[in-house]
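Structure first, then comments.
No lab work stands behind these numbers, since they all come straight from the coordinates. Given the structure is predicted, the values throughout are model-derived calculations rather than measurements. Backbone-built Cβ (ideal geometry, glycine too); neighbour counts: all protein chains shown.
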Amino acid sequence: MATFLSVVNDHLYFDIYDGAPRTAQQTVVSTGSLVGETKKDSNKVKVLYGLLKEPELNIPFEDEEETEDEKESRRDISSLRKSKNDPNAPSLTRIPLPELRDIDKQEKVLIFKDSMKRANLGPNSPPSICFYTFLNSFAGVCSCAFTDDSSMLAAGFENSQIKVWTLSNHKLRSMKSGDILTELDKESDDILERMMDSSTASDSKNLIGHSGPVYAVCFSHDRHYILSSSEDGTVRL
């Protein structure tokens, strides 16, 4: 045994490798060369793909003439809002989120109250939908998104452009030039209205900024911003 250990120590070198075993062909290919090793533990880290818990909102209900069905609907929705955190969601402190503005809270309250008015589906109340299609889209539609109130539609195309349509009676307007904006009274109550150029009102607007197909578009809750991502590797606001 001592002779065997002496031969091993003098003529053999053992390299301990922590990873998937190699085949004989892989061993021959890598012999005499310096090659990197792929990491085998990449998929061992848990991916947190869940949604964060919705912030708690104190929603007053001033309507004392609610029917029993409306009260039951409100209790059902409230119980859903108080559900436990998603185990697949990241912790609330992982990414510092800004506090909700008053306008954001109002939007959530309106959405919550609107959800209570939804009717239960059944033989006497079948579902009704609004279906939109794109015709003659020669540039190729890659993505589309609606606002929460279905008042606007945005679509991303293969030619790197984004087109926004209004689905209501309100026209889309461009902002005035920078020279004119600097002269406006920022403390005015209708400052947002004064910033818009009524002479540019139209049913649609083209947004040009990407240099590749636009694969995703999304509206903000207040309908003032659009977030888009493209093949060019950029995200634009």
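Only Cα sites of region 141-236 enter the Debye sum here, all with the same form factor; the resulting log10 I(q)/I(0) across q = 0.12, 0.14, 0.24, 0.25 1/Å is -0.44, -0.59, -1.19, -1.22, listed in q order. Applying both filters, DSSP loop and at most 13 other Cβ atoms within 10 Å, to the chymotrypsin sites (Phe, Trp or Tyr not before Pro) of region 133-172 gives 134, 138. Checking the Cα-Cα distances for 117/176; 108/171; 53/113; 113/171; 53/163; 113/205 against a 30 Å cut-off, the pairs over it are 117/176; 53/163; 113/205.
Basic side chains Lys and Arg get +1 at the Cβ, acidic Asp and Glu get -1 at the Cβ, and with that the dipole of region 141-236 about its Cα centre reaches some 300 debye. Protection proxy ranking for 200-206, 116-122, using the average of other Cβ atoms within 10 Å per residue and placing the highest first: 200-206, 116-122.
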